[in-house]
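Before any comments, here is the structure.
The values are calculated or read from the model by the stated rules, or taken from the named source; none is laboratory data. Keep in mind that this is a model prediction, so the values were computed, not measured. Cβ coordinates were reconstructed from backbone atoms using ideal geometry, including for glycine residues, and neighbour counts include every protein chain displayed. For accessibility, only protein heavy atoms count, side chains too; no ligands or nucleic acids. Shrake-Rupley method; radii C 1.70, N 1.55, O 1.52, S 1.80 Å.
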Amino acid sequence: MNKTLILITIILFSCKPEISTNIVVLSPDDKIQVEVKLDQGMPFYAVQVDGKKCILPSALGYRFRGQPDLTGPFQLTNSNTEVIEEHWGPVWGQEKSIHSLSRAIRLELREVLAPHRQLNLHFRVFNDGVAFRYEIPAQPGIDSIFITEELSEFNFAMDGRSWWIPGDYDSYEFLYTQTPLSDVKSVNTPITMIMDNGLHISLHEANLTGYPGMTLGKSQQSEFSLRSILVPWPDGDKVKQVRQLTSPWRTITIGQKATDLLNSRMILNLNPPNLIDNPDWIQPMKYMGIWWGMHLNKETWVQGPKHGATTANAMHYIDFAAENQIQGLLIEGWNVGWEKWGQPDAFVMTQAYDDYDIEKITAYGRERGVSIIGHHETGADADFYERQLEAAFAYAHDLGIQAVKSGYVGAIRPVGQHHHGQWMVEHYRRVVEMAAKYQVSIDVHEPIKPTGIERTWPNMLTREGGRGQEYNAWSEGNPPIHTTILPFTRLLAGPMDYTPGIFDLRFDRYKPDNRVQSTLAKQLALMVVLYSPLQMAADLPENYVNQPAFQFIRDLEVVWDESLYLEAEIGKFVTIARRHGSDWFLGAITNGDARELEIPINQMLQGEMIAECYVDTEESHWDTNPYPIWMGSYTISPADTLKAKLAPGGGMAIRFRPITKEEMDQDLMPISELRLDQRSTE
Ligand code: NOJ
Ligand code: CA
C-alpha cells in the first residue's frame, strides 16, 4: 500500500540573468498552459486552458516587517523543469491507487538591487490544475522572517458563479453563499466557481505547514480578481519564520464539469508521502456516539442527572454497536472540565468523571469488537492542551483507545491567536504528530482546513471544518441545498466528519422547533456522498431499532478501492458510486427540488448483481413527509439504466452485491422491469 514509485525526469538548464523573461509550462496533456514572466523584473503568472485565457497576469511576492517588499525587480538566475510522475497508494481513501503526473518548474530569482535577496518560485502543472508556492531560501542577511502580507493574486479573465463561505479567521461553519465572482469580498477556501466560459475552478491550498491559513479578498486589479489575505498573529504579522520559508501550495483545480473537480487528487499529490511506517494501527471505521443526545438536550456533557457518558449508558451503546456492525463508539462528556467551560485550564484529558469507569468501558468494548473513540474538547484552550498533550495521548494509548476526536469551541488561548493562524496550524500539527507517536488517529472539530496532509499523516483521519449535521439540532438548520454544495467546496479539500445518518428527522420529543431538512433516504445517501474514513451513524440507538433502512448502514464500508463520480451539478445534485471488494455503494442526493435521474451503471457492473435499493417514494418530501422510503432487492445488469426520482430534499442509496447461489434459484425481479421513478409505498 505504501510503496511509492517515483519516476522523475529532470531537464536542467541554466539561464543568463534576465529581468524580462517568459517561461511557459504545459500540463502533461498540453491543455493547461502556465506562463511565468518577469516584466521589467516584476514576477507574474498567467493561466490559459485550451488556448483560452483563464487567469490574466497576476502578481506574486511578499511584504515584510522591517524590510522592503519582496516584489522585484528580480533577475532570473536559474531555472529547472522536471516531469514528476508517481503511482502511490493511500493507507485509506476514496481509491486504492493514485496516479500523479505533472510538469514542474523552479525559478530562482535574485533582486536586481541591494540587498539582492533570493526568492524561488515553484509551479506544478497537472492535467487537473495548477499549483504554485514560494520559497525563501536560507541566505546571508536573513535570520528572521516576518511577513506582513503575501501578495499572490488570482486575476480571473472573466466573471463566473461562485460558492463560498466568509473569510472568518476562526470558523468555517457557515452556509454557502452563491454570488457572481465579482461580488466576492472575503472568503475562506475552497471557493469554487463556474466561469462564464463554463470552466469549473476551485481555489484552495495544499500542504499547509508552518504558515497561516489563506483567506481570499478582493484585489484592486479588476472586479474578477482575488488576492491572498493570510490569517494574522496577535501582533499583526502573518508569518514568522527563522532563516528560510516554504509556503503551502496555492492550488487552482480546473475541470470542464463538476465531476472533474471530484476526480482531482492534485491536493493530495502535492503533499509528501506517508511518514508512518507501519500504519496497520490506523483504523477507518463506522462509529456511533454518545453525542447527538447532548445536542438534543436529552443528555448532558457535564456530570449530573442527565449525564450521557455514564458506564451503564456506554455499555448500552457498545452492545448496540456490536450487534450492528459498527466498529467505533465516540463518548463525549467523559472527563472533568465541562463544569468549568470557558475558564482556563478546564479540560483534563486524563481524568474521567467518577460515574464513568473508563477502564471497564474500554475493556468491554474491546471484548465486543467496538473501539472507544476518545474525546478531547479543549474549549479552544490550546495552551492547556499542549501542556498535557503527551500525557493525554499516552493515557489514550494505555487504555487501547485508537482514535480521539478533538474540539476547539470558543476563542483560542493563547489569547489573541486565531484558529486559522500560524500558531494554531502548528498546534494542530503537533497534535497529529503526538497522536501518531502513541498510535492514535484523530478527528478534529473546529480544525484548520484540510490541505491533504493526511497523505503524510494518515492518522489524521477526518475533521469537521464546515457546517455539519449538529446545526440541525440547534439552529435554523442546513437547507437541502447545503449538502449539494459541500462536495464541491469543503469536501474537495479532504474528508469531512459531517455526521450523517439521522433517522428521527424531526425529534419533536426533544426539540420541536428544530429538525433535519432531508428525507430518510438522503441521510443514507450522504454516508456515501460525503466521504469520511470515520463515518458516523449519528442518531440515537433507539431510533435505529426496527428500522429496515438501517441495514444499509450495517452493510456500508468506509475504505474504497475506487470511486466513480457519475454525475453532478454544483448546488443541484450529485451521484457517487464507490467500490469495496465486489460490492458497490451508490449515493445520489438532490437539493430542494425533485429530480429524475438516469444513472449509467455500465462502468460499474461487470455482470449481473443484486441491487438493494433505498429510495424516496412519490410521497416523500423533506418538509412535509420526510420518512417514506422504498426498499427492495432486484437483479441488475450492466446494460440496464437506473432510473430514479428523488424527492425534494431527497436521495437514494443502493448497495450492489454479487448474487448468492440461493438467489440464483429464485426468481428475483429484474430492475429493468421496475421503474424506481414510479414506485410508491402503496
Ligand atoms: C462542537 C463539535 O462540532 C461537536 O461535535 C461537539 O459535540 C461539541 N463541540 C462539544 O465538544
Ligand atoms: Ca463544530
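Among the candidates 508, 504, 443, 497, the residue that is acidic (Asp, Glu), under 21 Å from residue 527 (Cα atoms) and more than 16 Å from ligand 1 (Cβ to nearest atom) is uniquely 504.
One residue stands out in region 593-626 among those that are open to solvent by 20 Å² or more (accessible area, probe 1.4 Å) and in contact with a helix residue (DSSP H, G or I) (Cβ under 9 Å, 6 or more places away or on another chain): the one that is farthest from residue 640 (Cα to Cα), namely 622. When region 435-480 is limited to residues that are basic (Lys, Arg) and not in a strand (DSSP E or B), the one that is nearest to residue 420 (Cα to Cα) turns out to be 449. Kindly list the number of the only condition in (1) within 12 Å of ligand 1 (Cβ to nearest atom); (2) open to solvent by 50 Å² or more (accessible area, probe 1.4 Å); (3) within 22 Å of residue 363 (Cβ to Cβ) that fails for residue 301. Here residue 301 meets the rest and fails (3).
Of the residues screened, residue 385 is one that is within 16 Å of ligand 1 (Cβ to nearest atom) and part of a helix (DSSP H, G or I). Taking region 446-471, which residues are open to solvent by 10 Å² or more (accessible area, probe 1.4 Å), over 11 Å from the mean Cα position of the chain (by Cα) and within 13 Å of ligand 2 (Cβ to nearest atom)? Those that are open to solvent by 10 Å² or more (accessible area, probe 1.4 Å), over 11 Å from the mean Cα position of the chain (by Cα) and within 13 Å of ligand 2 (Cβ to nearest atom): 446, 467, 470, 471.
Which of the residues that make up region 425-439 are more than 16 Å from ligand 1 (Cβ to nearest atom) and within 27 Å of residue 467 (Cβ to Cβ)? Across region 425-439, the qualifying residues are 425, 426, 427, 429, 430, 432, 435. For first residues located in region 28-44 and in the same structural domain as residue 110 (by TED's automatic domain parsing) and at positive phi, partners that are surrounded by fewer than 19 Cβ atoms within 10 Å (Cβ to Cβ) and modelled with pLDDT of 95 or more and lie 6+ apart or on another chain with Cβ distances below 8 Å form the pairs 40/73; 41/73; 41/112. Taking first residues from region 196-213 that are in contact (Cβ under 8 Å) with a residue 60 or more places away in the chain and partners that are of a type in the set (Ser, Thr, Tyr) and not in a strand (DSSP E or B), the Cβ contacts under 7 Å between residues at least 6 apart in sequence or on separate chains come to 205/451; 206/451; 207/451; 208/451; 211/247. Annotation note: of 397, 376, the sole residue that is part of a strand (DSSP E or B) and either more than 16 Å from ligand 2 (Cβ to nearest atom) or open to solvent by less than 40 Å² (accessible area, probe 1.4 Å) (or both) is 376. Just the residues that are crowded, with 24+ Cβ neighbours inside 10 Å and in a loop (DSSP other than H, G, I, E, B), please, taken from region 309-331. 309, 326 - these are the residues of region 309-331 that are crowded, with 24+ Cβ neighbours inside 10 Å and in a loop (DSSP other than H, G, I, E, B). For residue 116, indicate whether it is open to solvent by 10 Å² or more (accessible area, probe 1.4 Å) and at positive phi. Considered against the rule, which asks whether it is open to solvent by 10 Å² or more (accessible area, probe 1.4 Å) and at positive phi, residue 116 comes out as yes. Number of residues in region 23-42 that are over 14 Å from residue 107 (Cβ atoms) and open to solvent by less than 70 Å² (accessible area, probe 1.4 Å) equals 6.
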